[in-house]
Amino acid sequence: LVQGEDGKKFATRSGDTVKLKDLLNEAVRIAGDDLRSRPENENADDETIDNVAKIVGIGAVKYADLSMNRESNYRFSYERMLSLNGNTAPYMLYSYARICGIIRKASGQEVAESIQWPEASEIVITEDSELELIRNLVRLPDILNEVEQDLYPNRLCDFLFETSQKFNKFYENCSVNNAETPEIKASRLTLCTATAGTIRLVMNLLGIHVVERM
């Protein structure tokens, strides 16, 4: 059962069933308002903002539903599902966009161009957080097998959340652009690319597109 923030059955003020179209439109509107309020987007055109808002808003609703155990009730909250913190679609989309920014900066690519992913290089492990990220990424085949057998898509969402957390820890501890050697830089760029590919794949499996900028 989907509940409102008051814990009661989710419905309009008059008690009618909320239409999915209205729910999605409201999520897209809120996402658009948030994007337009950010200083980094002040020069972005309306078409770009609208396109990203549609992906974020609709993705947030999908993800919020799929991230919950299908046998449990959950409370519907626009604020929670559109948050950039926690196990939400915007958090995953932001993580993906952040990796795109890292790749662009490291390889001198223009923001306006579609990103070009670097070729894979040999992995050189110098920090524990690199190893933790790798160990998490290689769990994906097992997670997919579990979801196929048990039909609990929330496990994909849990895996995505763990992946984004592991990546953020890796990025905090391991400089990419200022890596100690060219070999270490290439290795870390490969980890960035692998993480982005994993996020993109799982989000697509959930029916959610990714964005290269937010």
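Summary of computed values
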{"read-out": "Single match in PHE161, PHE170 (criterion: within 30 Å of SER67 (Cα to Cα) and over 16 Å from the mean Cα position of the chain (by Cα))", "value": "PHE170"}
{"read-out": "From CYS192, CYS174, residue being at pLDDT 95 or above, closer than 20 Å to ALA89 by Cα and surrounded by 17 or more Cβ atoms within 10 Å (Cβ to Cβ)", "value": "CYS192"}
{"read-out": "Set ALA97, ALA89: member being under 27 Å from ALA53 (Cα atoms), open to solvent by less than 60 Å² (accessible area, probe 1.4 Å) and in contact with a Gly (Cβ under 7 Å, 6 or more places away or on another chain)", "value": "ALA89"}
{"read-out": "Filter result (more than 19 Å from ILE99 (Cα to Cα), in contact with a Lys or Arg (Cβ under 8 Å, 6 or more places away or on another chain) and not β-branched (Val, Ile, Thr)) within region 126-167", "value": "GLU146, LEU151, TYR152, PRO153, ASN154"}
{"read-out": "Single unsatisfied condition, GLY57 versus (1) under 20 Å from ASN168 (Cβ atoms); (2) without any contact (Cβ under 8 Å) to a residue 60 or more places away in the chain", "value": "(1)"}
{"read-out": "From ILE123, ILE115, ILE184, residue being assigned to a helix (DSSP H, G or I) and of a type outside the set (Gly, Ala, Ser)", "value": "ILE184"}
{"read-out": "Residues that are part of a helix (DSSP H, G or I), in contact (Cβ under 8 Å) with a residue 40 or more places away in the chain and in contact with a helix residue (DSSP H, G or I) (Cβ under 6 Å, 6 or more places away or on another chain), drawn from region 141-156", "value": "LEU156"}
{"read-out": "Selection from region 21-47 of residues that are modelled with pLDDT of 90 or more, more than 20 Å from MET92 (Cβ to Cβ), open to solvent by less than 90 Å² (accessible area, probe 1.4 Å) and not acidic (Asp, Glu)", "value": "ASN25, SER37"}
{"read-out": "The listed residue being surrounded by 17 or more Cβ atoms within 10 Å (Cβ to Cβ), more than 23 Å from ILE115 (Cα to Cα), modelled with pLDDT under 90 and in contact with a helix residue (DSSP H, G or I) (Cβ under 9 Å, 6 or more places away or on another chain), out of TYR78, TYR74", "value": "TYR78"}
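The values are calculated or read from the model by the stated rules, or taken from the named source; none is laboratory data. What you see is a predicted model, and the numbers here were worked out from it, not measured in a lab. With ideal geometry, Cβ positions are generated from the backbone for all residues, glycine too; neighbour counts draw on all protein chains shown. For accessibility, only protein heavy atoms count, side chains too; no ligands or nucleic acids. Shrake-Rupley method; radii C 1.70, N 1.55, O 1.52, S 1.80 Å.
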